[in-house]
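Here is the structure we will look at.
The values are calculated or read from the model by the stated rules, or taken from the named source; none is laboratory data. No experiment lies behind these values; they were computed from the predicted model shown. Cβ sites come from the backbone with ideal geometry, for glycine too, and all protein chains shown count toward neighbours. These area figures cover heavy atoms from the full protein model, side chains too; ligands, DNA and RNA do not enter into them. Shrake-Rupley method; radii C 1.70, N 1.55, O 1.52, S 1.80 Å.
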Amino acid sequence: MEYDLRAVYVPQSGLFLDDEGREFFVTAVEFWEHATVVSLCWKRRPVAGQGSPPLVATDEHDRVLGVKRIWSVGARSIQHFEPISTSARALTVLIARKTGTQELFSCRTPPAKKE
């Protein structure tokens, strides 16, 4: 099964911290027809069982995209969310903290594909 890549966004943000004080950075956000994918990398080699920071993705109307799967290997983590609606104009990526969610960054979404 083949899917079309609608767009790629590379955040200009620097390092982020999880609740344990571990640093990570987001390498890319990919807008696919079948998923919205957030790729990140830990600054330091993760310890066994560290997993991935608990990210949340929303559109500009605060509609949360459901998590489809999370893949982690070594310092890399790739989080697959539901595809963002083609009518959405912005994506916001947040981190779920013990004290609530905190915005990491926002970006514009690709325009709807013209038939």
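For a quick check: with amide H placed at 1.01 Å from N, whose amide H comes under 5 Å from Arg97's, ignoring anything fewer than 5 positions away on the same chain?
Result for Arg97 returns Gln102.
Report, to one decimal in Å, the Kirkwood hydrodynamic radius for region 5-115 based on all distinct Cα pairs.
About 14.3 Å, per the Kirkwood formula over Cα pairs.
Going by amide H atoms built from the backbone, whose H comes under 5 Å of the H on Lys43, apart from near neighbours?
Glu23, Phe24, Phe25
Going by Cα centres, region 22-51 and region 52-115 are how many Å apart?
Their Cα centres are 11 Å away from one another.
Work out from phi, with θ = phi - 60° and the Karplus expression 6.51 cos²θ - 1.76 cosθ + 1.60, the ³J(HN,Hα) of each residue of region 87-94, listed in order in whole Hz, and give x for Gly and Pro.
8, 5, 10, 8, 10, 10, 10, 10
Probe radius 1.4 Å, ligands and nucleic acids ignored: give me the carbon and sulfur share of the accessible area of region 67-115 as a rounded percent.
Percent of accessible area from carbon and sulfur atoms in region 67-115: 52.
Which value, in debye to the nearest 20, gives the size of the charge dipole of region 18-115 about its Cα centre, when Lys and Arg are +1 and Asp and Glu are -1 at the Cβ?
Around 280 debye, computed over region 18-115.
Accessible area per residue of region 42-115 at 1.4 Å probe, in Å²?
65 Å²
Please list, in order along region 69-84, the HN-Hα scalar couplings obtained from phi with the Karplus expression 6.51 cos²θ - 1.76 cosθ + 1.60 (θ = phi - 60°), rounded to whole Hz, x for Gly and Pro.
5, 10, 10, 10, 8, x, 8, 9, 9, 10, 10, 9, 10, 4, x, 6
Hey, can you grab everything whose amide H is under 5 Å from the amide H of Ala28? Only 5+ residues off in sequence or another chain; H modelled, so Pro and N-termini drop out.
Hits under the 5 Å cutoff: Ser39.
Give the value in nm², to one decimal: projected area of the alpha carbon convex hull of region 1-44, averaged over all directions.
With the hull built on Cα positions only, its mean projection is 3.9 nm².
Using the Karplus curve 6.51 cos²θ - 1.76 cosθ + 1.60 with θ = phi - 60°, work out ³J(HN,Hα) for each residue of region 59-64 in order, rounded to whole Hz, and write x for Gly and Pro.
8, 5, 9, 6, 6, 7
What accessible surface, in Å², does a 1.4 Å probe find on His34, ignoring ligands, DNA and RNA and rounding to the nearest 10?
Ignoring ligands and nucleic acids, His34 comes out at about 60 Å².
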